[in-house]
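K.L.:
What follows is a single structure, and I will ask about it in a moment.
The values are calculated or read from the model by the stated rules, or taken from the named source; none is laboratory data. The shown structure was predicted, so the numbers you read here are calculated from the model rather than taken from an experiment. As a convention, Cβ positions derive from the backbone with ideal geometry for all residues, glycine included, and neighbour counts pool all protein chains shown.
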Amino acid sequence: DVYQGAPLPVTAFMSVGTKAAAFAMILRVFGQGLPGLSHDWGALLAFVAAASMIVGNLAAIVQSSLKRLLAYSGVAQAGYILVGVLGAHGAGQAAVLFYLAAYLVMNFGAFAILVVMSGPLGDRDRFEDLDGLGSRHPLLGVLMTVFMFSLAGFPPTAGFIGKFFLFAAGVSGGYTWLVILAVLMSVVSVFYYFRVVVHVWTPPAAPEARFAVPAGAGLAIILSGVLALVLGLFPSLLFALAQLGAAPVVAAGG
């Protein structure tokens, strides 16, 4: 309800910024402050991860509001990230940081397109509001498709390789059952992400005028789309940086 009632730029910040800050804190607390209690908190986090993936994905399927869909999708994405938190210590920390960067790119890009559309046309929050986007603005249509495919975890996007790192860490950490659930829930998510793509390329019920895209916003959206693909095709550099970023937490946790 908070997501749906807030303006789109605020919703975008809440979806991306607050999640990144929350998981940075979780890595600090559980990876650095409570490493010796991993057996105690591991079961609780595994339950939270499973519940987040199930509730987030099943709730997203029935949404008619794009903001609510992305909000519940974010709940499911948090569950995937928790798989990495629970995973093998060093690999899991790096996987979480990598996926947070990838999630920032793909979710920011999707929200940015909605913000650009909302400027001249009013708040665009229904699936039908996306109808004709691909014909009026082919580049925006392609980029929205890239962002949805990346959020769903399709290769060769950043979302695919990011989930691979998370799930590999989960298996290494002994949470194979949770990874199997995550894969199944990722398959479920394809339904509602693909629903967005279908509307992007569906002709509108009535002709709509082509709207202007501000240069700065357009550049940011294009850059996000490029990164969503480049990080999927060439993930080694960012993953190496993620390993460097995770090193202090890993060292402190022993």
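Okay, residues lined up against (1) modelled with pLDDT of 95 or more; (2) closer than 16 Å to SER73 by Cβ:
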site	(1), (2)
PHE108	no, yes
ASP123	no, no
ARG136	no, no
PHE147	yes, yes
ALA182	yes, yes
VAL188	yes, yes
PHE191	yes, yes
ARG195	yes, yes
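Conditions tested, residue by residue: (1) modelled with pLDDT of 90 or more; (2) of a type in the set (A, V, I, L, M); (3) farther than 25 Å from PRO235 by Cβ.
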residue: ILE54; (1), (2), (3): yes, yes, yes
residue: ILE61; (1), (2), (3): yes, yes, yes
residue: LEU69; (1), (2), (3): yes, yes, yes
residue: TYR72; (1), (2), (3): yes, no, yes
residue: GLY79; (1), (2), (3): yes, no, no
residue: LEU82; (1), (2), (3): yes, yes, no
residue: GLY90; (1), (2), (3): no, no, no
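K.L.:
Condition check: within 30 Å of ALA206 (Cα to Cα), more than 14 Å from the chain's Cα centre (by Cα) and in a helix (DSSP H, G or I). Does VAL85 satisfy that? Step through it out loud before you land on a result.
P.N.:
Details: within 30 Å of ALA206 (Cα to Cα): no; more than 14 Å from the chain's Cα centre (by Cα): yes; in a helix (DSSP H, G or I): yes.
No, not satisfied.
K.L.:
Select from the stretch 193-206 the residues that are without any contact (Cβ under 8 Å) to a residue 12 or more places away in the chain and part of a loop (DSSP other than H, G, I, E, B) and list them in ascending order.
P.N.:
We begin by selecting, within the stretch 193-206, every residue without any contact (Cβ under 8 Å) to a residue 12 or more places away in the chain; these are 198, 206.
ALA206 - this is the single residue of the stretch 193-206 that is without any contact (Cβ under 8 Å) to a residue 12 or more places away in the chain and part of a loop (DSSP other than H, G, I, E, B).
K.L.:
Within the stretch 151-192, which residues are aromatic (Phe, Trp, Tyr), closer than 23 Å to LEU104 by Cβ and in a helix (DSSP H, G or I)?
P.N.:
PHE160, PHE164, PHE165, PHE167, TYR192 - these are the residues of the stretch 151-192 that are aromatic (Phe, Trp, Tyr), closer than 23 Å to LEU104 by Cβ and in a helix (DSSP H, G or I).
K.L.:
If a residue has to be more than 15 Å from SER189 (Cα to Cα), at pLDDT 85 or above and not aromatic (Phe, Trp, Tyr) to count, how many in the stretch 26-50 make the cut?
P.N.:
6
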